[in-house]
Amino acid sequence: MGVTAVGDRYVLEELRARGWTIGGEQSGHIIEASFNRTGDGIASALLTLEALRGRDLAERDAMHKLPQRLLNVPVRDRNAFAQAREVAAAIGLAERELAGRGRVLVRASGTEPLVRVMVEAPTSEEADAVCSRLAVLVERELA
């Protein structure tokens, strides 16, 4: 799994750099590079149906959605997030804790004075705990 900045163009750059053909974003944009170079909802739906090969999406082994927690933390200057070393270290620790079991995405909003903290984990309790811990740190360092 690779992580990029938000936006189809960054996902496409990473796909090309790694020689991969499929990537996407939390927003639902999925790029299948051998088919299209941008997110396309209809193409994504058709590719999902093709991948299921007649199985029902509700089947237990077809797809497993992890509990997710998202917090928007108001900050003075969203651009300061890029230099917040203690926050970056905490994000790295959280990513190592959830390696192979979940994911962490913390990013400055592109339009608002916010830092978005999103965590997916095997349980709601773990997602809440990790997300809250990161949000408190972001608030302490950047609010």
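Values for this structure:
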{"item": "Inter-label distance, nm, simple model (7 Å from Cα along the C-beta direction), GLU86/THR111", "result": "3.2"}
{"item": "Heavy atoms of LEU114 accessible to a 1.4 Å probe, total area in Å² rounded to 10", "result": "30"}
{"item": "ALA5 paired with ARG76, simple spin-label distance in nm, labels 7 Å along Cα-to-beta-carbon", "result": "2.5"}
{"item": "FRET E, pair ARG140, GLU25, Förster distance 30 Å, beta-carbon r, rounded to 0.05", "result": "0.60"}
{"item": "For the chain: accessible area per residue (Å², 1.4 Å)", "result": "66"}
{"item": "The chain: relative contact order as a whole-number percent, Cα under 8 Å and 6+ apart", "result": "20"}
{"item": "Solvent exposure, largest accessible area first (probe 1.4 Å, DNA, RNA and ligands not counted), of THR21, THR48", "result": "THR21, THR48"}
{"item": "Estimated vicinal HN-Hα couplings, Hz - the stretch 86-96 in sequence order (Karplus 6.51, -1.76, 1.60; Gly, Pro = x)", "result": "5, 5, 4, 5, 5, 4, x, 5, 4, 5, 5"}
{"item": "The chain, helix-only ellipticity at 222 nm - DSSP H runs n ≥ 4, -39,500 (n - 2.57), divided by all residues, nearest 500", "result": "-12500 deg cm²/dmol"}
{"item": "Inter-label distance, nm, simple model (7 Å from Cα along the C-beta direction), LEU93/ALA17", "result": "2.7"}
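The values are calculated or read from the model by the stated rules, or taken from the named source; none is laboratory data. Predicted model, so just to flag it, every value in this text is computed and none were measured. So basically every Cβ, Gly included, is an ideal-geometry build from the backbone, and we count neighbours across all protein chains shown. Side chains included, ligands, DNA and RNA excluded: accessible areas come from the protein's heavy atoms. Shrake-Rupley method; radii C 1.70, N 1.55, O 1.52, S 1.80 Å.
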